[in-house]
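Asker: Dumping the structure here so I can ask a few things about it.
Read the figures in this text as sums done on the coordinates, not as results from a lab. Just so it is clear, the structure is predicted and the values come from calculations on it, not from any experiment. Reconstructed Cβ throughout: ideal geometry from the backbone, glycine too, with neighbour counts over all protein chains shown.
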Amino acid sequence: MINHEERFRQRIVFDGMEYDRKIRPTDIDFMLDFNGNLVMAEIKVAGNELTVGQKIAFQNVAKMWRNTGKQFIAFYCTHNTPLDQDVVAADTKVISYLRTYDADFQYLERDMTLKQAIAGWLNKHSI
């Protein structure tokens, strides 16, 4: 769902936003909040990996969530959608995930879409 189609294609540029120790902004593609239980995802073209900064950001969110009594999961997903077509987030392939108490991303051993993975996570935790 896109609320402002005319602004959707406008890039946000992070020029001039580097801080000490080369800390720069990162973007996250996807977030759902189920009453404090958080799902996040980064979706990339197949063959592109999460950046170091994105991994660190997800790991830090997981650490912060540990004492909340709520659940957290982040997914790294890929797609091979042609440039002239929209990427349907629900249909992207989950490559790995990071849960509240994981130290690093865990590779998913089977084929699963983002939609299926979120549904399974919600069911597992009765959310």
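Asker: Using a Gaussian network model on the chain with a 10 Å cutoff between Cα atoms, which of PHE75, PHE34, PHE14 fluctuates the most?
Answerer: Answer for the Gaussian network model of the chain: PHE14.
Asker: Additional query: In terms of modelled amide H atoms, which long-range or inter-chain residues lie less than 5 Å from the amide H of MET112?
Answerer: Here VAL94 satisfy the definition.
Asker: Using modelled amide H (1.01 Å from N, peptide plane; none on Pro or chain starts), what sits under 5 Å from the amide H of PHE72, excluding residues fewer than 5 places away?
Answerer: When sequence neighbours closer than 5 places are left aside, the close amide H contacts are LEU38, THR100.
Asker: Based on the Cβ-Cβ distance of ILE127 and ASP20, what FRET efficiency does E = 1/(1 + (r/R0)^6) give at R0 = 41 Å, to the nearest 0.05?
Answerer: Given R0 = 41 Å and the Cβ-Cβ separation, E is 0.60.
Asker: P(r) tail for segment 21-122, what percent of Cα pairs lie past 18 Å?
Answerer: For segment 21-122, the share of Cα pairs beyond 18 Å comes to 46 percent.
Asker: If you rank ARG99, ARG24 by fewest surrounding Cβ atoms within 10 Å, what's the result?
Answerer: The most exposed by this proxy come first: ARG24, ARG99.
Asker: Next up: Determine the dipole magnitude for the chain: charges of +1 sit on the beta-carbon of Lys and Arg, -1 on that of Asp and Glu, nothing else is charged, the reference point is the Cα centre, and the result goes in debye to the nearest 20. If you can, show how the numbers build up before the last one.
Answerer: Working: 16 positive and 17 negative charges, 99 e Å.
About 480 debye.
Asker: Sequence neighbours fewer than 8 away in the same chain don't count; with that in mind, list the lysines whose C-alpha is under 25 Å from LYS22.
Answerer: Here the lysines satisfying the reach criterion relative to LYS22 are LYS44, LYS55, LYS63.
Asker: Report the relative contact order of segment 81-127, percent, no decimals, based on alpha-carbon pairs under 8 angstrom and at least 6 residues apart. Don't jump to the answer; show the numbers that get you there.
Answerer: On the way: 36 pairs, mean separation 16.3, N = 47.
Over segment 81-127, the number comes to 35 percent.
Asker: Given a cut-off of under 8 Å on Cα pairs at least six residues apart, what relative contact order in percent is computed for the chain?
Answerer: Dividing the mean separation by the residue count of the chain yields 19 percent.
Asker: Each label point is 7 Å from the Cα along the Cα-to-Cβ direction; what then is the distance between the points at ILE12 and LEU32, in nm?
Answerer: Roughly 2.1 nm, to one decimal.
Asker: So in the chain, what percent of DSSP beta bridges are antiparallel if you round to the nearest 5?
Answerer: Counting only bridges with both partners in the chain, antiparallel ones make up about 65 percent.
Asker: With θ taken as phi - 60° and the coefficients 6.51, -1.76 and 1.60, list the Karplus ³J(HN,Hα) couplings across segment 93-104 in order, rounded to whole Hz; mark glycine and proline as x.
Answerer: 8, 6, 9, 8, 8, 9, 9, 3, 9, 7, 7, 8
Asker: Hey, what do the phi angles of segment 8-18 turn into as Karplus ³J(HN,Hα) couplings, whole Hz, using 6.51/-1.76/1.60 and θ = phi - 60°, x for Gly and Pro?
Answerer: Running phi through 6.51 cos²θ - 1.76 cosθ + 1.60 with θ = phi - 60° gives 4, 8, 6, 6, 9, 9, 9, 3, x, 10, 8 Hz.
Asker: So, one more: Please list 3J(HN,Hα) in residue order for segment 109-124, calculated via the Karplus relation 6.51 cos²θ - 1.76 cosθ + 1.60 where θ = phi - 60°; whole Hz, with x for glycine and proline.
Answerer: 7, 9, 6, 7, 7, 4, 4, 5, 5, 5, 4, x, 5, 4, 5, 4
Asker: Mind checking the full-extension length gain between ALA89 and TYR107? Use 0.36 nm per residue of separation minus the Cα-Cα distance, one decimal, nm.
Answerer: 4.6 nm
Asker: Once you've got the GNM for the chain with C-alpha springs shorter than 10 Å, pick whichever of MET17, MET64, MET40 has the biggest mean-square fluctuation.
Answerer: MET17
Asker: Okay, next question. Between SER96, ASN48, THR68, whose Cα lies farthest towards the positive end of the dipole of segment 21-122 when Lys and Arg beta carbons carry +1 and Asp and Glu beta carbons carry -1, centred on the Cα centre?
Answerer: The listed residue farthest towards the positive side: THR68.
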